[in-house]
Structures are given as structure tokens and as C-alpha cells.
Amino acid sequence: MAETRPKSKKKHELIYVIAGEEESLLNAECEKLLGQLLQPQQRPTGLFDADPARVQTCDILDELRTAPFLTDKRVVLVKNAEKFVSENRQLLERYFDNPCPTGVLVLTVNNWDARTKLAKKLPRIGKLISVTQPKSWQLPGRLIQYAADAHDKKLDKDAAELLIELTGDNLPRLYSEIDKLALFVDAEKTITAPSVESLIGRNRLFNAFAVIDAVTVGNVAKAIDRLRTMSAEDKSAGYKVVGAFAFHFRRMFSAKVLLEKGLRPAEIANRLRIWSNKDAFFLQLRKLSLKQLGENLQRLARMDFQIKTGQTKPQVAVEQLVLKLAAG
């Protein structure tokens, strides 16, 4: 895990190149880096966001050499810098040979050709940050690292996994949720799973629970009404609604397995981190068989794939699930 020293004491490079094809990930990585280089109150005087279409190259280099004011460094950001780099290679090569010690140049590009002179000079005085969508198994580690780097917070592995369950695998959105969590826990040094559930998951998980509960007692109309309210309250949720159902059914499946092995509900609640509605959870669990829970998890996996590939919409898919649950 990365060190959790205050940002002001962290060593920084003089040049950063952030390379990647997906713009949202590039922007998220850029914001993360800026957060490490400058405190929010330092940005007005410490950051120059250069648009190379409107600002001449000599002005960008002059900004890098300008003495910092109310900060120890002057950060110059050039986004979508492919054209800027290709048109100014010789000037940039000279700057790479002798960068200003109080200036930090940040370039974002879709592609960084390792064969060029610039690319070969970069490791000596800077850093290449390659941005790709992490694999699912890499996401918790990426979030733990972000929480430490951006907020000097320890993010529990359980909390990271719960956050992914509830929010999805979109990295910029996950970074944004960690930003909110860092404010939510305030002076606490650790972001825990209960914090994630309290801030992000409470309403969504409660509503998913209520929908399933209505179905299991045969009140399909109430289930559909609650489901539509759930979607209306969070129009941008997308497959997060499906994620809430998947999380709940996975926990129910695990609890059912443990019940059939003879564990007591209190032991299961502790092992599966069930902190609220315990009695209602186990009452609901008794109404569904292990086979039904497994079949619903398979349905949700298919739904998730269909939503992500544009074959169906979350609202339609979940309503179909509710009707199948009722029929079952």
C-alpha cells in the first residue's frame, strides 16, 4: 500500500504524461494527480490550464518558468496534447533536457509512442501514467490506493468491495464516491464498510430488500411500485439498481448455505456483515430456497451482461425479474 504522508510532503516529478484511450479515465487520473500536486486553495494561483489552440507554446513554457505564488510549484496542464506535442517536439525535447525545478508540466494524450526522443527522455525527469480500465480483481486495490493518495485515508478491503457492488465498475464514478466518503467520515482515518452502506447503500439496499420482501408475500403490485420509485429517485443509477439486487441475493445465498450447515443466525450476521434489519433478513431468507436464490443470481448475471451490452434497459430487466420471482 502507498504511504499515507501529507500531500505537501510527497515527492513529485517535473513532467507527467497521462496516456490512455478512454477520456473519462484520463480525466479522473488527471484530477487525482492534480489533487496530489496542489491543495484546492492553491489551484487559483498554482495551476495554469493551457488550451494550446488559444495559447502559444512560448506562453506555456513561460508559465512553467514563472515563480510560484502561494505554493511551492507552478503546475501547467495541457489536455488532449497530441497535436501540441507533434508540432513542438524540438522545443519540448529541449525543455525535457532542462526543466524548471519549480514547474510541473502535465500532458494528457491518447497515445504515447515509446520510440520517440521525448518518450526516451521522460523517465529521467518525469513519469508516464498509463491509464486502462482495471480488471475486476484489480479494482479494490486501485480504490484503496486512491483513498490513500487523494485523501490520506485507509479504505478497508471490505469497504472497497461493497462500494463496487453498489456503484458498479466505472472507475471515475468510484473515485467520486470515495471523495464523498472521505468527507463523510471526516476526521476518521479509515473508511469502513458500514460507512459505505450508510452513505451510499442504505436507500438502495433497503429498497431492494423491500421489493424482494413484497414479492415473497405475494404483493406484486407493491413490489413493482417500490421498484419504480427506486428508479425514479436515482435516474442516473443505471445498472446500480441491478447491483443492489445482486448484492442482496448473493448475501442471502451465502447466508442460506451457512444456515444449512447449522450456523446460528447471529454467527451468520457477524460473518456476512449484516448490520441492520437482521430479523427481517432471516425471515425473508426462510421464504426462499437455495435453488431459487441460485437461479436468481444466474438471472441477475445475464441481466447485467445484457444491460452492459445494450440488449436491455435496467428498469425493464428488473421488472421482468420481479415478475419471474412472483411466478416462482
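Using only the Cα atoms of the stretch 1-143, build the gyration tensor, take square roots of its eigenvalues as a ≥ b ≥ c, and label the shape rounded, prolate or oblate: rounded if a/c is under 1.5, else prolate if a/b is larger than b/c, else oblate. Oblate. With the simple model of a label 7 Å out from the Cα in the direction of the Cβ, residue 309 to residue 124 spans 5.0 nm.
If the segment from residue 53 to residue 232 were pulled out straight at 0.36 nm per residue, it would be longer than the present Cα-Cα gap by 60.3 nm. When the charge dipole of the chain is built from unit charges on Cβ atoms (+1 for Lys and Arg, -1 for Asp and Glu) and taken about the Cα centre, the candidate among 80, 227, 265 whose Cα reaches farthest toward its positive end is 265. Summed over qualifying helices (DSSP H, 4 residues or more, each -39500 (n - 2.57)) and divided by its residue number, the chain shows a 222 nm mean residue ellipticity of -18000 deg cm²/dmol. When GluC sites (Glu not before Pro) are flagged only if DSSP places them in a loop and at most 13 other Cβ atoms lie within 10 Å, the longest unflagged stretch of the chain comes out as 22-187. From the residues 192, 309, 12, which one has its Cα farthest along the dipole of the chain in the positive direction, the dipole being from +1 and -1 charges on Cβ of Lys/Arg and Asp/Glu about the Cα centre? Working it through, the farthest residue towards the positive pole turns out to be 192. In the list [x] 30, 58, 11, 0; [y] 30, 50, 14, 5, 1; [z] 27, 45, 24, 5, the label attached to P(r) over Cα pairs in 20 Å bins from 0, in percent as derived from the coordinates here is [z]. Shape class for the stretch 24-85: oblate, because the ratio a/c of the largest to smallest gyration tensor axis (alpha-carbon atoms, square roots of eigenvalues) is 1.5 or more and b/c is at least a/b.
Treating each Cα of the stretch 195-327 as an identical point scatterer and summing with the Debye formula, the log10 of I(q)/I(0) at q = 0.16 Å⁻¹ comes to -0.80. Within the stretch 21-93, the chymotrypsin sites (Phe, Trp or Tyr not before Pro) that combine a DSSP coil assignment with at most 14 other C-beta atoms in a 10 angstrom radius are 69. Simple spin-label estimate for residue 161 and residue 23 gives 3.6 nm between the two label positions (7 Å along the Cα-to-Cβ direction from each Cα).
Positive end of the dipole of the chain (Cβ unit charges, origin at the Cα centre): among 105, 210, 252, the Cα lying farthest that way belongs to 252. For trypsin sites (Lys or Arg not before Pro), the sites in the stretch 102-176 that DSSP calls loop and that have at most 11 other Cβ atoms within 10 Å are 115, 135.
Compared with the dominant Cα axis of the chain, that is its longest principal axis, helix 139-151 is turned about 50°. The distance from the alpha carbon centre of the stretch 155-192 to that of the stretch 258-328 is 23 Å, rounded to a whole number.
Were the residues from residue 80 through residue 114 laid out at 0.36 nm apart, the gain over their Cα-Cα distance would be 10.5 nm.
None of the figures in this text is laboratory data; all of them are computed from the coordinates on show. Keep in mind it's a predicted model, so treat the numbers as computed, not measured. Note: ideal-geometry Cβ built from the backbone for every residue, glycine included; neighbour counts use all protein chains shown.
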